[in-house]
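One structure is given here, and the rest of the page talks about it.
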Amino acid sequence: MIRIKNKKQIEGIRASCQMLSALYDALKPLVQPGATPKDLDRFAYDFIVKNGGKPAFLGYEGYPATLCISVNDVVIHGIPGSRPLEEGDIVGIDSGIDLDGFFSDAAFTLPVGKITTEAQKLLDVTKECLDLAIAQIKPHSRISDISRAVFSHATKNGFKVVRQYCGHGVGLEIHEDPQIPNYVSAGPNPRIMPGMVLAVEPMINVGTSDVRVLDDDWTVVTMDGSLSAHFEHTVLVTDSGCEVLTRW
Ligand code: MF3
Ligand code: CO
């Protein structure tokens, strides 16, 4: 069941998204060589709690942190650890906030210092995939229009789309219907309607699209060790198109 949010719910979700955006404004300058993911996670936890929210990922199906921090070949769900970030790394940061029962979800991938040309191209193309996907979001389009936009742009640029993880509805829970694959699937393909809130999140790899989960049961890495990038926004469908509620 895809929930259509009412005015009051939309205002709650908007406030949650604004807090997440403010967190990212504060967090971004801290992503530097020598910073540890654990330090960033602690900062995010304190920020959210101080502002009256709850870290939506912490405790979700047992997830142990506020942020997912996914470095280099980690696709998503990296558990913040104590290995310091190094010049040349690419760092995915993903989080969500539960503010009075209203949920936000957003992610971005940042370079640490100088990175390779190929890594920069991966970041640029993955972000473009998200922008092109969002451009498809308007009443009466279908979920497959989002999927196709991501898949064709990534593929055209020689990159591979992760298939095991998808975008999703969001707002009153962290994961709601519908699933939003980043490839055109044979599954359900609902129409997009005003009042839907969607988390769109391309996950794009340089090498194979195959991924595996490490022994910690969370960390998703590329099968071949190649780099991966992830960008995500929470997007409200409006009468005339859409509004991006998060910002990084
Ligand atoms: N970041 C995931 C998503 O975007 C959700 C987090 S799952 C968690 O859908 F367990 F890591 F919290
Ligand atoms: Co998400």
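The values are calculated or read from the model by the stated rules, or taken from the named source; none is laboratory data. On a predicted model such as this, the values are computed, not experimentally measured, just so you know. So basically every Cβ, Gly included, is an ideal-geometry build from the backbone, and we count neighbours across all protein chains shown. Accessible surface areas use protein heavy atoms only, side chains included; no ligands, DNA or RNA. Shrake-Rupley method; radii C 1.70, N 1.55, O 1.52, S 1.80 Å.
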| task | Report the residue, chosen from 235, 112, 206, that carries the largest GNM mean-square fluctuation when the chain is represented by alpha-carbon nodes joined by springs under 10 Å. | result | 112
| query | For labels at residue 18 and residue 238 in the simple 7 Å Cα→Cβ model, what's the distance in nm? | reply | 1.6 nm
| query | Given springs between every Cα pair under 10 Å in a Gaussian network model of the chain, which of 200, 170, 31 has the largest fluctuation? | reply | 31
| said: What FRET efficiency comes out for residue 35 versus residue 61 if R0 is 22 angstrom and r is the Cβ-Cβ distance? Round to the nearest 0.05. | reply: 0.20
| message | Just to check, using Stokes-Einstein with a Kirkwood Rh over alpha carbon pairs, what's the diffusion coefficient of region 1-99 at 10 °C and 1.306 mPa s in µm²/s? | response | 111 µm²/s
| field | Cβ-defined net charge surrounding residue 81, 10 Å radius [Lys, Arg +1; Asp, Glu -1] | value | 0
| field | Å² of accessible area per residue within region 7-244, as computed with a 1.4 Å probe and no ligands counted | value | 42 Å²
| Short version: ³J(HN,Hα) in whole Hz for each residue of region 62-76, in order, from phi by Karplus 6.51 cos²θ - 1.76 cosθ + 1.60 (θ = phi - 60°), x for Gly and Pro, what are they? | x, 4, x, 8, 7, 10, 9, 10, 10, 9, 6, 7, 7, 7, 8
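Just to be sure I understand: if I project the alpha-carbon convex hull of region 183-248 onto a plane and average over all orientations, what area do I get in nm²?
Spelled out: convex hull of the Cα atoms, projected over all directions, averaged, 6.6 nm².
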| What nm value, rounded to one decimal, do you get for the distance between residue 185 and residue 124 when each label is placed 7 Å out toward the C-beta? | 3.1 nm
| HN-Hα J in Hz across region 106-117 - Karplus 6.51, -1.76, 1.60, θ = phi - 60°, x for Gly and Pro | 7, 8, 8, 10, 10, x, 9, x, 7, 10, 5, 4
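Return the Rg/Rh ratio of the chain with Cα-based radii and a Kirkwood Rh.
Here Rg/Rh amounts to 0.94.
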| note | Here, trypsin sites (Lys or Arg not before Pro) of region 89-194 satisfying both criteria (DSSP loop; at most 16 other Cβ within 10 Å) are 114, 163
| task | Using only Cα positions of region 72-139, each an equal point scatterer, no hydration layer, compute I(q)/I(0) via Debye at q = 0.29 Å⁻¹ and quote the log10 values to two decimals. | result | -1.29
| said: How large is the accessible surface of residue 58 in square angstrom, using a 1.4 angstrom probe and rounding to the nearest 10? | reply: 80 Å²
| remark: The pairs in 7/50; 54/138; 114/156; 127/156; 28/50; 138/160 lying past 20 Å Cα-Cα in this model are 7/50; 54/138; 114/156; 138/160
| task | Over the Cα atoms of region 104-192, compute the convex hull volume and normalise it per residue, giving Å³. | result | 108 Å³
| Which length gain, in nm to one decimal place, applies between residue 45 and residue 163 when the Cα-Cα distance is subtracted from 0.36 nm times their residue separation? | 39.5 nm
| message | Which residue fluctuates most in the GNM of the chain (Cα springs below 10 Å): 214, 40, 99? | response | 214
